[in-house]
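Just so you know, all these numbers are worked out from the coordinates, no wet-lab data involved. Keep in mind the model is a prediction, meaning the values are calculated, not measured. So basically every Cβ, Gly included, is an ideal-geometry build from the backbone, and we count neighbours across all protein chains shown.
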Amino acid sequence: MPFLEVNNVTKRFGGLTAVNEVAMRVEQREIIGVIGPNGAGKTTLFNCIAGAFSPTSGSIRFQGRELAGKKPYQICQAGVTRTFQVVKPFASKSVLYNTMVGAFAKTNHLHEAEQRALEILKKLDLYDKKDVISRSLTLPERKRLELARALATEPTLLLLDEVMAGLRPSEVTEMLPTIRRINEAGVTIIIVEHIMQAIMSLSDRIYVINFGKKIAEGNPQDVVADPEVIKAYLGDEYVATQH
């Protein structure tokens, strides 16, 4: 039984089909990349898995349990957590407060939430910033805070939505080992990212979505050499020049 199985998931908004019969299988402890042009449907797929949207049709099974139609908090409590592309911490609150918010998904005890949050901040090199007001953080620090808040929910499946967007190349390089450590600690990861260096470096397998449909899947080297994938990113003219 796959750890996560997405079966022919479709999501329509009126006459727009944002996700069109997408199927995915994810095994425990994998890092799965999801790529595609802007507007391809990647974040909508994440929203369906995490419960922000209910699929129009199809099923999403996590460890054998159906997620489609469940509330986000129920899915989070089951062990599935996502980060957001646009990082929006509670700007006037401390780094520790923001991280504790995530911890309360699994505990009602203040001391337990605080200890969990402090432990995560140490792992993400944010412990020294625990009392800093979040609005004063740099972008890379805010990205790490978004990760910290997600990890505080104790996920077994983590959905990362462009967690490296806006970072400089050197900052991306610093983020990669952090994501690998999270995975090595037992967290399965699905990552949406436009930075190909990151996706190629991290992913065990990659799914490619274009106009809401899955157009390719496989290991990173095979996927980026696929003519359909090249066409989706670079256009027919580029493909024609390669023949």
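For the pair LEU176 and VAL132, label points projected 7 Å from Cα toward Cβ lie 2.5 nm apart. As a rough guide to protection, the peptides 187-197, 16-26, 58-68 ranked by mean Cβ packing within 10 Å, highest first, stand as 187-197, 16-26, 58-68. For LYS42, the aspartates and glutamates whose Cα falls under 15 Å of its own Cα, not counting residues fewer than eight places away in the same chain, are GLU21, ASP161, GLU162, GLU193, GLU217. Taking the C-alpha atoms only, the angle from helix 110-123 to the longest principal axis of the chain is near 60 degrees. Distance from the alpha carbon centroid of the range 49-100 to that of the range 140-164 works out to 11 angstrom.
Taking Cα atoms, how many degrees apart are the long axis of helix 169-184 and the longest axis of the chain, rounded to 10 and kept between 0 and 90? Between the helix axis and the principal axis of the chain, the angle is about 80 degrees. Listed cross-link partners LYS71/LYS130; LYS88/LYS129; LYS106/LYS129; LYS88/LYS130; LYS143/LYS213 are compared with a 27 Å cut-off, the Cα-Cα value being larger for LYS71/LYS130; LYS143/LYS213.
Taking amide hydrogens as placed 1.01 Å from N in the peptide plane, the amide H of ALA68 sits under 5 Å from those of ILE60, each at least 5 positions away in sequence or on another chain. DSSP finds beta bridges in the chain, and of those with both partners inside it, around 55 percent are antiparallel. Taking packing as the residue-averaged number of other Cβ atoms within 10 angstrom, the listed peptides 207-214, 74-81 run from highest to lowest as 207-214, 74-81.
The dipole here belongs to the chain: it is taken about the Cα centre, uses +1 on the Cβ of Lys and Arg and -1 on the Cβ of Asp and Glu, and is about 800 debye.
Compared with the direct C-alpha span, the chain from GLU66 to PHE90 gains 5.5 nm at full extension, assuming 0.36 nm per residue.
Taking every C-alpha pair closer than 8 Å and separated by at least 6 residues, the mean separation divided by the residue count of the range 88-162 gives a relative contact order of 45 percent.
Here the Karplus relation 6.51 cos²θ - 1.76 cosθ + 1.60, evaluated at θ = phi - 60°, turns the backbone of the range 87-95 into coupling constants of 7, 10, x, 6, 4, 8, 10, 6, 4 Hz, with x for every Gly and Pro. 3J(HN,Hα) couplings calculated from phi for the range 16-26 with the Karplus curve 6.51 cos²θ - 1.76 cosθ + 1.60 (θ = phi - 60°) are, in sequence order, 9, 9, 7, 10, 10, 6, 7, 10, 9, 10, 10 Hz; Gly and Pro show x.
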